[in-house]
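See structure below.
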Amino acid sequence: MKVLDSVRVLEIGGLGPGPFCAMHLADLGADVISVVREAKGKTPTGPLLNRGKRSVFADLKTEEGRQLVLALVAEADALIEGMRPGVMERLGLGPDECLRVNPRLVYGRMTGWGQSGPLAPRAGHDTNYAAVSGALWGCGPVDARPVSPFAVLGDIGGGALYLMTGLLSGIVQTRATGRGTVVDAAIVDGSAHMLNLMLSARQNGVVADTRGQSVHDSAPFYDTYVCADGEHITIGALEPQFYSLLLDTLGLVAHPDFGGAQWDKAAWPVRRARLAALFLTQPRAHWQALLEPTDACFGAVLSPLEAAQHPHMRARGVYSEHQGVLQAAPAPRFDGAAYAPADACLPGAHTQAIMQGLEQAGAQAVWRQRRAP
């Protein structure tokens, strides 16, 4: 048994955050049926995002495809769609039509710009939404261009995870009231909402309104450094006890450059230069061996392939090779255990079985109706 075993989700196949959200729900036990259109050639993502799902082919521009979706909607707790605003309505599969078939449905809409506003009808991608929301602004030092990790900041952080929050919240409400709802999950909304911790720090002066003036992009004790082998490490010793431990472990307690207060910003450039020079004297593995066993708030910058081999990640079973693909295990954990990754299906792999199931359900409904007094 998994925590979402009682949830059935219908996914209108798309790209990026919608399929990721559906995979996440499937990871936690939801029965996810993905409706996809037969396509030739490569797609931007592989079949990993199909893990744990069932998949059926349907052309939504045909009446047959529309009726298939509505038949699946009738049995679903939630629907995920990632079309531009108005597309599902033009297909006859908008919220009004679907909620008419299933008044308890939670209809999840995943877009970059949202269902309303001047940019709502415009195209875009992860980096555009993160930029306009304000989330991309602080992703990089002042002397470099802002860069965010592929799809993480917008599509996943501000998009898929907020859509999942909305869907599960809607399901809780529906099970209490019997009424469905429509979730407008816009990446710009979620990405902006994630900034509230930063905006709270701004009130205390920890985050400035100018790049290169905040703790995360100017403090020597909260920075990324290059090592002798060209690899990188991170330091995050914000609290005074961790800062003192960092200096002690590096043999810098008595160094004149570090004699003043930790938060003396005038001394930060000199201290950063000193730390940068020190970390350049040894390879990353040296600093890992020295600092990882301490509370100096240290982390080596690892690629996903390297992270899969890190002792901590291996001990927790975070990464694995499943179906020949490196992937991360479902998260979070429940009662101390992580769920194992399910197999990923090929697009349309369950078309025949799902169609037969719908036909049988329809025949049974007719039989029950005829048997009724």
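The values are calculated or read from the model by the stated rules, or taken from the named source; none is laboratory data. Bear in mind that the values here come from a model prediction, so they are computed numbers and not experimental data. Positions of Cβ are backbone-derived with ideal geometry, glycine not excepted, and every protein chain shown enters the neighbour counts.
Identify all residues within the stretch 294-308 that are loosely packed, with under 13 Cβ neighbours inside 10 Å and over 30 Å from residue 239 (Cβ atoms); write none if there are none.
Result: 305, single match.
Return yes or no: is residue 83 hydrophobic (A, V, I, L, M, F, W, C), under 20 Å from the mean Cα position of the chain (by Cα) and either part of a strand (DSSP E or B) or surrounded by fewer than 20 Cβ atoms within 10 Å (Cβ to Cβ) (or both)?
Yes.
Residues that are in contact (Cβ under 8 Å) with a residue 24 or more places away in the chain and over 26 Å from residue 4 (Cβ atoms): which helices (runs of 4 or more DSSP H) entirely in the stretch 109-194 hold 1 or more of them?
Helices (runs of 4 or more DSSP H) meeting the threshold: 126-133, 187-193.
Checking residue 330 against (1) within 18 Å of the chain's Cα centre (by Cα); (2) free of Cβ contacts under 8 Å to residues at least 24 places away in the same chain; (3) crowded, with 16+ Cβ neighbours inside 10 Å: exactly one of these is not met. Which one?
(2)
List the pairs whose first member sits in the stretch 12-38 and is on the phi > 0 side of the Ramachandran plot and assigned by TED's automatic domain parsing to the domain that holds residue 150, whose second member is surrounded by fewer than 24 Cβ atoms within 10 Å (Cβ to Cβ) and not aliphatic (A, V, I, L, M), and whose Cβ atoms are under 7 Å apart, counting only residues at least 6 apart or on separate chains?
Every condition considered, the pairs that remain are 29/2; 29/5.
Return only the number of the condition from (1) among the aliphatic types (A, V, I, L, M); (2) surrounded by fewer than 22 Cβ atoms within 10 Å (Cβ to Cβ); (3) modelled with pLDDT of 95 or more that residue 164 does not satisfy.
(2)
Would you please name the residue that is modelled with the lowest pLDDT, looking only at residues in the stretch 1-49 that are in a loop (DSSP other than H, G, I, E, B) and among the hydrophobic types (A, V, I, L, M, F, W, C)?
39
If you check every pair at least six apart or on different chains, which have Cβ atoms under 7 Å apart with a residue in the stretch 261-289 that is assigned to a loop (DSSP other than H, G, I, E, B) first and a residue that is loosely packed, with under 13 Cβ neighbours inside 10 Å second?
Hits for this filter: 262/240; 283/229.
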